[in-house]
1. Can you say whether Glu131 is of a type outside the set (Lys, Arg), assigned by TED's automatic domain parsing to the domain that holds Leu17 and modelled with pLDDT of 95 or more, as far as the supplied structure shows?
2. So how many residues does region 138-164 have that are at pLDDT 95 or above, closer than 26 Å to Ile210 by Cβ and of a type in the set (Lys, Arg)?
3. Which one of these does Asn204 not meet: (1) modelled with pLDDT under 95; (2) of a type in the set (S, T, N, Q); (3) assigned to a helix (DSSP H, G or I)?
4. In region 115-131, which residues are touching a Leu at 6+ places or on another chain (Cβ under 8 Å) and closer than 15 Å to Leu96 by Cβ?
5. Please enumerate the residues belonging to region 84-125 that are outside any helix (DSSP H, G or I) and within 18 Å of the chain's Cα centre (by Cα).
6. Going residue by residue through region 71-80, is there one that turns out to be aliphatic (A, V, I, L, M) and surrounded by fewer than 17 Cβ atoms within 10 Å (Cβ to Cβ)?
7. Select from region 21-48 the residues that are assigned to a helix (DSSP H, G or I) and at pLDDT below 95 and write down the one among them that is nearest to Pro212 (Cα to Cα).
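The values are calculated or read from the model by the stated rules, or taken from the named source; none is laboratory data. Being a predicted model, the structure only gives us computed values, none of them experimental. All Cβ positions, even for glycine, are placed from backbone atoms using ideal geometry, and neighbour counts span all protein chains on display.
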Amino acid sequence: MEFKRQPKLLFKIYQKLFDEFGPQHWWPGDSPFEIMVGAILTQNTNWQNVEKAIKNIKDAGLLNAKALLKNKDKIPELIRPSGFYKLKTKRLINFLKFFVDRYNGEIENLKAKKFDKLRDELLGVSGIGPETADSILLYALNRPVFVVDAYTRRILLRHKIIKDDFRYEDIRKLFEENLPRDYKIFNEYHALFVKLGKEYCKKNEPLCNICPLLKFL
């Protein structure tokens, strides 16, 4: 895997985006469990829809792994606003069973697990892919893993930092091997890429001529 220019480039990009946008305070959530649920529900939808679904779960008094699993029949209607609710119900139940059966639904039990083993376990849960697993690890459990999403890939491709054949793991390692292994930096960096992707590096009609990185790269 070839890295454009030098490792310092990635940190300079981070500094430039942070100066431009400031702290993003991401991922929103009142508890690690809420963040984990949000990471599963946010697949293929926007965050506003996820917020509605999470509010439904909260209003039902079920924002707890054991309680939600015990009332799994209510999940489809509760998460309907998040879209693809039948599929997401299956994925959420799969995760809840994993979390409750293996870790008694306790966040501290998850945090006590070694990173590599826990990541492998999460990836073994049906419906949990690398992006979702890493979002749980980074945002809910404060593990130093870089989350790669469509925004990340699009931005890096357009600025010719990566090539078309770069896979998820290639991009993840690119950041993790060239930045300090600090979950706070990885957290903020990913959120800044989301901000840049939504406002400038759009899928259609990108605003390249006013992109904050235009003269920088």
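1. Working: of a type outside the set (Lys, Arg): yes; assigned by TED's automatic domain parsing to the domain that holds Leu17: no; modelled with pLDDT of 95 or more: yes.
Considered against the rule, which asks whether it is of a type outside the set (Lys, Arg), assigned by TED's automatic domain parsing to the domain that holds Leu17 and modelled with pLDDT of 95 or more, Glu131 comes out as no.
2. Going through region 138-164 one residue at a time, the tally reaches 2.
3. (3)
4. Applying the first criterion (touching a Leu at 6+ places or on another chain (Cβ under 8 Å)) to region 115-131 yields 115, 118-119, 122, 127-130.
Hits for region 115-131 are Leu122, Gly127, Ile128.
5. Start the filter on region 84-125 by keeping residues that are outside any helix (DSSP H, G or I), which leaves 84, 104-106, 112-114, 124-125.
Gly124, Val125 - these are the residues of region 84-125 that are outside any helix (DSSP H, G or I) and within 18 Å of the chain's Cα centre (by Cα).
6. First pass over region 71-80, keeping only residues aliphatic (A, V, I, L, M): 75, 78-79.
Narrowing the set further to residues that are surrounded by fewer than 17 Cβ atoms within 10 Å (Cβ to Cβ) leaves none.
No: zero hits.
7. Step one: list which residues in region 21-48 are assigned to a helix (DSSP H, G or I), which gives 21, 32-41, 47-48.
Retained after the next criterion (residues that are at pLDDT below 95): 47-48.
Working: Trp47: 24, Gln48: 26 Å.
So the residue we want is Trp47.
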